[in-house]
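Just so it is clear, none of the values below were taken in a lab; they were calculated from the coordinates. Please read these numbers as outputs of a predicted model, since none were measured by experiment. FYI the Cβ positions are ideal-geometry reconstructions off the backbone, even for glycines, and counts take in every protein chain you see.
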Amino acid sequence: MKKSKLTVRIIHRYLGFFLVGVLAVYSISGITMIFRRTDTFKKTVVKEINLEKHIQTTDLGKALEIKDFKVDSTVADVVYFKEGKFNTASRKALLTSKQYPYVLDKMMKLHKATTNSPVYWLNIFFGGSLLFFVISSFWMFLPSTSTFRKGLIFSLLGFLMTIIILFL
């Protein structure tokens, strides 16, 4: 076997072992993200916040850090909104939200990291590694073997399936 082919196989093998943890995180968070528009995997979290006396109902969204805040109704001293309610007499806001469990939430944030995140470099490294796996997988078998030819057929079928799914 040629030295360059052996080197690619060795890098492929050990990079695969090295990335096992990241692969697990991305696969779990990727599957979870399919259900992100539902409450699957989420738990209900209720939070009570005491607000200062000078907060007006018009400033409630900003004080509670709620985007697109909108009052649904007001009954007596209670202001109702999508995320909960606020009692103007007691100055207490009761917020209800659906959140992922702590570890799953961390996985999702890693999966969706942007350049504003301190770990965006991991996403770039991981994406580059996956691209390396795609290319280096063709160095795993000799081109004259039936396994290599079958691998090419399966690769072509997988590529065609991906193209079809992209344009459905």
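What the table below lists for this structure:
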{"read-out": "Dipole of the chain [Lys/Arg +1, Asp/Glu -1 at C-beta], most positive-end residue of Trp121, Thr162, Met108", "value": "Thr162"}
{"read-out": "Under 13 Å from the Lys53 label point (7 Å along Cα→beta-carbon), backbone N, the stretch 86-120", "value": "89-91"}
{"read-out": "Compactness relative to 2.2 N^0.38 Å, alpha carbon Rg of the stretch 43-99", "value": "1.04"}
{"read-out": "Nearest-ten-degree value, helix 20-34 long axis tilted from longest Cα axis of the chain", "value": "50 degrees"}
{"read-out": "Equivalent ellipsoid semi-axes - Cα gyration tensor, the chain, angstrom", "value": "53, 17, 12"}
{"read-out": "Computed lengthening from Leu94 to Ser144, 0.36 nm per intervening residue step minus Cα-Cα distance", "value": "11.1 nm"}
{"read-out": "Violating pairs (Cα-Cα greater than 23 angstrom) within the set Lys5/Lys150; Lys62/Lys112; Lys43/Lys67; Lys42/Lys109; Lys82/Lys112", "value": "Lys62/Lys112; Lys82/Lys112"}
